[in-house]
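These notes are about the structure you will find just below.
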Amino acid sequence: MTDISNFMKPFTQQEPIPAAAIERAVEIMQSGRLHRYNLAEGDSNEASQLEREYAEWQGVDYCVACTSGGYAIQLALRACGVMPGDKILANAYTLAPVPGAIHNVGGVAVLVDIDSDYHIDMADLEAKAVASGARFLLLSHMRGHIADMDRLADICERLDICMIEDCAHTMGASWRNQRSGNFGKAAAFSTQTYKHMNSGEGGFLTTNDPVVAARAVVSSGSYMLYGRHGAIPAEEVFAEVKLLSPNYSGRMDHLRAALLRAQLPAIEDSISRWNVLYDTLAARLRAMKGVVIPSRRQEEFYVGSSIQFQANGLKRDQIPLLMEACAARGVELKWFGDDEPKAFTSRYDSWKYIDDIPHLPGTLAVLEKTLDMRVPLTFDVQDCHLIADIIEQEVRQLLP
Ligand SMILES: *Cc1c(COP(=O)(O)O)cnc(C)c1O
């Protein structure tokens, strides 16, 4: 065996916040005016400018900056008209804030199976939509794997289903040159530290629907100061909804907005760098014995901020051994098939607060051997090769 050194960099290390953002943040802190509606004469309104800039970049009419991605999902569900007791279809391979958002708005999750490439299973979606009568679909583009959006749009139209997209992993990704988030009625994005822009906590709701936008702005906690937002519909739309939209306080502040405004112009560059790292890892994993990398469709433009592979050559009980062996050499893998939820990974059957958790054979089979790895931008191509060398050696040790 060739001598391969251990990997030493942390998988949780982000790049620093740009110097210009830090400078601006200090100015804002010195002014004391952090709240988005607290503006002195002539102040630059960071939150509303961010909304305008993000809406333009995303290619939508309206954008609301809020406290988190999970909050943006809840707000989107409510603004799209979900009422307590409503059934909401959702792909079962996702992260816990998704079923949590459904629970938080009083919805009833109808979990849908996935296919072997991590996309929502179209046949199961149709069957469950018809059987449940659900009128909403919360589609999570989990780990950046984008389903066939043409087929999905067709199903939603035929069955009169309102689609809300969770784009926590697809900010900047697209399907047939249309940005993820621009297919459904509304979309939610996260700017939490581990996503594609970093404000610690934060999120966006985007939509092209003026009524959904006005409801979301008022409900995000705008009191009657909604006029100070950056990407909003006309006053007459607000007049219709403002007294009917409860205040679910969840605004973004100027400080976080300033951090994000400085990062947005660099996002395309970040995406290119992510994909160089991702493509390096994917090519290596694809060539490995005992390992399968899901195929990506030509129509998809992804952002490779994390990578998933299936250790299909191993038995289920060898997966923890592989993780341990890799961890001992500095390579941090997570397992979505574990019986116990660990850190950010959990399997749908651990969300015990959901009534009638279905049996989803596709999801269980895929997750059973799915390993997940973050790809932070603080890694370089050489790091990716070292990581791949370590995984390859450790998999080989376990193969029969
Ligand atoms: C991170 C994440 C969210 C929630 O975002 P927060 O900003 O952490 O609330 C929702 N869905 C998915 C798939 C995520 O990864």
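The values are calculated or read from the model by the stated rules, or taken from the named source; none is laboratory data. Please read all numbers here as calculations on a predicted model, not as lab measurements. Cβ: placed from backbone, ideal geometry, glycine included. Neighbour counts: every protein chain shown. Each accessible area value is taken on the protein alone, full model and side chains, heavy atoms only, with ligands, DNA and RNA left out. Shrake-Rupley method; radii C 1.70, N 1.55, O 1.52, S 1.80 Å.
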* **Among residues of segment 334-359, those that are in a loop (DSSP other than H, G, I, E, B), open to solvent by 30 Å² or more (accessible area, probe 1.4 Å) and either among the small types (Gly, Ala, Ser) or in contact (Cβ under 8 Å) with a residue 24 or more places away in the chain (or both), counted** => 7
* Of these, Arg297, Arg215, Arg284, Arg256, which one is more than 30 Å from Arg36 (Cα to Cα) and not in a loop (DSSP other than H, G, I, E, B)? -> Arg284
* To do: Being within 12 Å of the chain's Cα centre (by Cα) and within 13 Å of Cys80 (Cβ to Cβ) is the filter; apply it to segment 176-193 and report the residue that is farthest from the ligand (Cβ to nearest atom).
  => Ala187
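Go over the candidates Ala123, Ala134 one by one and state the one that is modelled with pLDDT of 95 or more, more than 16 Å from the ligand (Cβ to nearest atom) and open to solvent by 20 Å² or more (accessible area, probe 1.4 Å). Spell out the reasoning first.
On the way: Ala134 fails: open to solvent by 20 Å² or more (accessible area, probe 1.4 Å).
Being modelled with pLDDT of 95 or more, more than 16 Å from the ligand (Cβ to nearest atom) and open to solvent by 20 Å² or more (accessible area, probe 1.4 Å) holds for just one of Ala123, Ala134, which is Ala123.
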* Structure fact -> Subset of segment 184-208, residues crowded, with 19+ Cβ neighbours inside 10 Å and either over 24 Å from Ala21 (Cβ atoms) or of a type in the set (Ser, Thr, Tyr) (or both), comes to Gly184, Lys185, Ala186, Ala187, Ser190, Thr191, Ser199, Thr206, Thr207
* Name, by its number, the condition in (1) more than 24 Å from Gln263 (Cα to Cα); (2) within 19 Å of the chain's Cα centre (by Cα); (3) surrounded by fewer than 23 Cβ atoms within 10 Å (Cβ to Cβ); (4) of a type in the set (A, V, I, L, M, F, W, C) that does not hold for Ala173. => (1)
* Asked: Of all residues in segment 233-250, which are open to solvent by less than 50 Å² (accessible area, probe 1.4 Å) and either acidic (Asp, Glu) or closer than 21 Å to Ser68 by Cβ (or both)?
  -> Ser245, Gly250
* Structure fact -> With the first residue restricted to segment 134-149 and required to be closer than 23 Å to Gly106 by Cα, and the second required to be near the ligand (Cβ under 10 Å from one of its atoms) and open to solvent by 10 Å² or more (accessible area, probe 1.4 Å), Cβ contacts under 7 Å at 6 or more apart or on different chains are Leu138/Asp166; Leu139/Asp166; Ser140/Asp166; His141/Asp166; His141/His169; Met142/His169
* Structure fact -> Of the residues in segment 5-32, those that are under 20 Å from His254 (Cβ atoms), part of a loop (DSSP other than H, G, I, E, B) and in contact with a helix residue (DSSP H, G or I) (Cβ under 7 Å, 6 or more places away or on another chain) number 2
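Looking at segment 13-32, can you tell me whether even one residue there is within 30 Å of Gln393 (Cβ to Cβ), touching an Asp or Glu at 6+ places or on another chain (Cβ under 9 Å), open to solvent by 10 Å² or more (accessible area, probe 1.4 Å) and within 16 Å of the ligand (Cβ to nearest atom)? Even if it seems obvious, please write down each step before you answer.
First, pick out the residues of segment 13-32 that are within 30 Å of Gln393 (Cβ to Cβ): 13-15.
Filter again for touching an Asp or Glu at 6+ places or on another chain (Cβ under 9 Å), leaving none.
Scanning segment 13-32, I find no residue that is within 30 Å of Gln393 (Cβ to Cβ), touching an Asp or Glu at 6+ places or on another chain (Cβ under 9 Å), open to solvent by 10 Å² or more (accessible area, probe 1.4 Å) and within 16 Å of the ligand (Cβ to nearest atom), so the answer is no.
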* **All positions within segment 147-176 that are closer than 17 Å to Leu95 by Cβ and either among the polar types (S, T, N, Q) or touching a Lys or Arg at 6+ places or on another chain (Cβ under 8 Å) (or both)** => Ile164, Ala168, His169, Thr170, Met171, Ala173
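How many residues are away from the ligand (no atom under 16 Å from the Cβ) and open to solvent by less than 50 Å² (accessible area, probe 1.4 Å) if we restrict to segment 73-84?
So in segment 73-84, the residues away from the ligand (no atom under 16 Å from the Cβ) come out as 79-84.
Next cut, open to solvent by less than 50 Å² (accessible area, probe 1.4 Å) only: 79-82.
Matching residues across segment 73-84 total 4.
Which residue, of Asn91, Asn104, is of a type outside the set (D, E, K, R), over 15 Å from Ile357 (Cβ atoms) and either in contact (Cβ under 8 Å) with a residue 12 or more places away in the chain or open to solvent by 40 Å² or more (accessible area, probe 1.4 Å) (or both)? Lay out the reasoning, then the answer.
Working: Asn91 fails: over 15 Å from Ile357 (Cβ atoms).
Just a single option satisfies the conditions, and that option is Asn104.
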* Asked: Here is a list of conditions, (1) farther than 30 Å from Gly133 by Cα; (2) surrounded by fewer than 23 Cβ atoms within 10 Å (Cβ to Cβ); (3) out of contact with any Leu (no Cβ under 6 Å at 6 or more places or on another chain), and Asp253 meets all of them except one; can you say which number that is?
  -> (3)
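Rundown of residues vs (1) of a type in the set (Lys, Arg); (2) closer than 21 Å to Phe336 by Cα; (3) within 12 Å of the ligand (Cβ to nearest atom), yes/no style:
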{"site": "Tyr93", "(1), (2), (3)": "no, yes, yes"}
{"site": "Gly106", "(1), (2), (3)": "no, no, no"}
{"site": "Ile114", "(1), (2), (3)": "no, yes, no"}
{"site": "His119", "(1), (2), (3)": "no, yes, no"}
* **Scope segment 256-278; condition exposed (fewer than 15 other Cβ atoms within 10 Å of the Cβ) and free of Cβ contacts under 8 Å to residues at least 40 places away in the same chain; matching residues** => Pro265, Asp269, Ser272
